[in-house]
Amino acid sequence: MNAHAWTRTLQVSEGFRLADVDPESKPGYHGHKADGARDLAAGLDELNLLQERLFAESRVGKAQDSVLLVLQAMDSAGKGGIVRHVVGGVDPQGVALAAFKAPTAEERSHDFLWRIAKRLPEPGFIGVFDRSHYEDVLIGRVRSLAPAEEIERRYDAINAFEADAAAAGTRIVKVMLHISRDEQKARLMERLERPDKHWKYNPGDVDERMLWDQYMAAYQTVFERTSTEIAPWHVVPANAKWYARLAVQELLLAALEDIDPQWPAADYDVEAEKKRLAAS
């Protein structure tokens, strides 16, 4: 597999229409589920190596690079599975997860990006936003939580914010996990039918389902307004969980390979230390 080919296949480009993306499709990959499991395991080894290099380089080599994975999706689309099966497979000391919920009273007293900026990954880290600042132009728009002119302002504010983060060394990988309405219904029903899944069910998810078309329109606007050269969007068909996990792993690998972190050189005399250690 070629990670960079996956990036091109999944990337939002001019003229993109979300309605044209089949959530059942598996663009860029021609294997089956068993192949995907094998390739996910193989990719994890590479992801681990690159993440460790990134972390080491920032701690010893003073590099400023980091990676930020932004995950957006309708409820039950598989964000948690991405966190567990893709990012969760690397050394946790180099991962920073932020799951943004409804803003607190203090957070609402600031600009919507105030709480986001505080959770950007430090150099050497892979940061994950499980939901993100995009909620403020998605649910914010659909539920009219802010005036229309404020929603409009936020698109440009997001672009400027992400450009500043990228200039400081953060590679931004933005992913929308795209499931069908029928697939979401089946996943939510499974949560109701299994007692061990009841805790994951939220009655409010059905309320949001009733606004499906409005959310799809809001996502389309997000892609048109905020898929930039420096921080493009990627839409990953996610009806097949195994494919979505593999695709996101490939996108992360592409970002890390582009950074190309290296093991930092020792700032001491290695041979002299060998002799000292042997004599100790």
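Going residue by residue through region 149-158, is there one that turns out to be surrounded by 17 or more Cβ atoms within 10 Å (Cβ to Cβ) and assigned to a loop (DSSP other than H, G, I, E, B)?
No: region 149-158 contains no residue that is surrounded by 17 or more Cβ atoms within 10 Å (Cβ to Cβ) and assigned to a loop (DSSP other than H, G, I, E, B).
Quick one: is Ser144 in a loop (DSSP other than H, G, I, E, B), within 26 Å of Ala157 (Cβ to Cβ) and open to solvent by 70 Å² or more (accessible area, probe 1.4 Å)?
Working: in a loop (DSSP other than H, G, I, E, B): yes; within 26 Å of Ala157 (Cβ to Cβ): yes; open to solvent by 70 Å² or more (accessible area, probe 1.4 Å): yes.
So Ser144 passes the test.
Regarding Ala105, is this residue closer than 20 Å to Glu183 by Cβ, at pLDDT 90 or above and either aliphatic (A, V, I, L, M) or in contact with a Phe, Trp or Tyr (Cβ under 6 Å, 6 or more places away or on another chain) (or both)? Lay out the reasoning, then the answer.
Working: closer than 20 Å to Glu183 by Cβ: no; at pLDDT 90 or above: yes; either aliphatic (A, V, I, L, M) or in contact with a Phe, Trp or Tyr (Cβ under 6 Å, 6 or more places away or on another chain) (or both): yes.
No: the conditions fail for Ala105.
Of everything in region 128-143, what is touching a helix residue (DSSP H, G or I) at 6+ places or on another chain (Cβ under 7 Å) and over 18 Å from Trp114 (Cβ atoms)? Give them in sequence order.
Val128, Asp130, Leu138, Arg141, Val142
Given the residues Ser76, Ser132, Ser109, which is the only one that is open to solvent by less than 10 Å² (accessible area, probe 1.4 Å) and of a type outside the set (D, E, K, R)? Explain how you work it out, then say what you get.
Numbers: Ser76 fails: open to solvent by less than 10 Å² (accessible area, probe 1.4 Å); Ser109 fails: open to solvent by less than 10 Å² (accessible area, probe 1.4 Å).
Among Ser76, Ser132, Ser109, only Ser132 is open to solvent by less than 10 Å² (accessible area, probe 1.4 Å) and of a type outside the set (D, E, K, R).
Which residue is nearest to Glu229 (Cα to Cα), if the candidates are limited to region 4-24 and must be part of a helix (DSSP H, G or I) and charged (D, E, K, R)? Before the answer, list the steps.
Of the residues in region 4-24, the ones part of a helix (DSSP H, G or I) are 4-10, 18-20.
Checking which are charged (D, E, K, R) leaves us with 8, 20.
Working: Arg8: 12, Asp20: 22 Å.
Across region 4-24, the extreme among qualifying residues is Arg8.
Given the conditions (1) free of Cβ contacts under 8 Å to residues at least 24 places away in the same chain; (2) of a type outside the set (A, V, I, L, M, F, W, C); (3) crowded, with 16+ Cβ neighbours inside 10 Å, which single one is not true for Glu52?
With (1) free of Cβ contacts under 8 Å to residues at least 24 places away in the same chain; (2) of a type outside the set (A, V, I, L, M, F, W, C); (3) crowded, with 16+ Cβ neighbours inside 10 Å applied to Glu52, the lone miss is (1).
On the basis of being open to solvent by less than 70 Å² (accessible area, probe 1.4 Å) and either out of contact with any His (no Cβ under 6 Å at 6 or more places or on another chain) or at pLDDT below 95 (or both), does Ala34 make the cut? Before the answer, list the steps.
Values: open to solvent by less than 70 Å² (accessible area, probe 1.4 Å): no; either out of contact with any His (no Cβ under 6 Å at 6 or more places or on another chain) or at pLDDT below 95 (or both): yes.
Considered against the rule, which asks whether it is open to solvent by less than 70 Å² (accessible area, probe 1.4 Å) and either out of contact with any His (no Cβ under 6 Å at 6 or more places or on another chain) or at pLDDT below 95 (or both), Ala34 comes out as no.
Can you tell me which residues in region 79-98 are open to solvent by less than 50 Å² (accessible area, probe 1.4 Å) and within 27 Å of Ala218 (Cα to Cα)?
The answer is Lys79, Gly80, Gly81, Ile82, Val83, Ala98.
Mind counting the residues in region 53-69 that are within 19 Å of the chain's Cα centre (by Cα) and in a helix (DSSP H, G or I)? Break it down stepwise before answering.
First pass over region 53-69, keeping only residues within 19 Å of the chain's Cα centre (by Cα): 54-55, 65-69.
Narrowing the set further to residues that are in a helix (DSSP H, G or I) leaves 54-55.
Looking only at that region, the number is 2.
Residues in region 55-64: is at least one buried (at least 19 other Cβ atoms within 10 Å of the Cβ), at pLDDT below 95 and either closer than 12 Å to Gln249 by Cα or of a type in the set (A, V, I, L, M) (or both)?
yes
Pairs needed: first member in region 143-159, in contact (Cβ under 8 Å) with a residue 60 or more places away in the chain; second member anywhere, open to solvent by less than 90 Å² (accessible area, probe 1.4 Å); C-beta distance under 7 Å; at least 6 residues apart or different chains.
Tyr155/Val137; Tyr155/Arg225; Tyr155/Thr226; Ile158/His133; Ile158/Thr226; Asn159/Thr226; Asn159/Thr228
Could you figure out which of (1) in contact with a helix residue (DSSP H, G or I) (Cβ under 8 Å, 6 or more places away or on another chain); (2) in a loop (DSSP other than H, G, I, E, B); (3) farther than 17 Å from Leu251 by Cβ isn't true of Pro27?
Exception for Pro27: condition (3).
Step by step: first the residues of region 9-22, then only those that are over 17 Å from Ala218 (Cβ atoms) and surrounded by 14 or more Cβ atoms within 10 Å (Cβ to Cβ), then the one that is modelled with the lowest pLDDT. Which residue is that?
Thr9
So for region 246-256 (the condition being open to solvent by 70 Å² or more (accessible area, probe 1.4 Å), within 27 Å of Phe125 (Cβ to Cβ) and either of a type in the set (Gly, Ala, Ser) or touching a residue at least 24 places away in the same chain (Cβ under 8 Å) (or both)), does at least one residue qualify?
Applying the first criterion (open to solvent by 70 Å² or more (accessible area, probe 1.4 Å)) to region 246-256 yields none.
Looking for residues that are open to solvent by 70 Å² or more (accessible area, probe 1.4 Å), within 27 Å of Phe125 (Cβ to Cβ) and either of a type in the set (Gly, Ala, Ser) or touching a residue at least 24 places away in the same chain (Cβ under 8 Å) (or both), one finds none in region 246-256, hence no.
Within region 163-243, considering only helices (runs of 4 or more DSSP H) that don't extend past its boundaries, which have at least 1 residues that are open to solvent by 60 Å² or more (accessible area, probe 1.4 Å) and modelled with pLDDT of 95 or more?
Numbers: elements: 181-193, 204-209, 212-226.
Fully inside region 163-243 and qualifying: 181-193, 212-226.
The values are calculated or read from the model by the stated rules, or taken from the named source; none is laboratory data. Values in this document were obtained by computation on a predicted structure and should not be read as measured data. No Cβ is skipped: glycine too gets one built from the backbone with ideal geometry, and neighbour counts run over all protein chains shown. Each accessible area value is taken on the protein alone, full model and side chains, heavy atoms only, with ligands, DNA and RNA left out. Shrake-Rupley method; radii C 1.70, N 1.55, O 1.52, S 1.80 Å.
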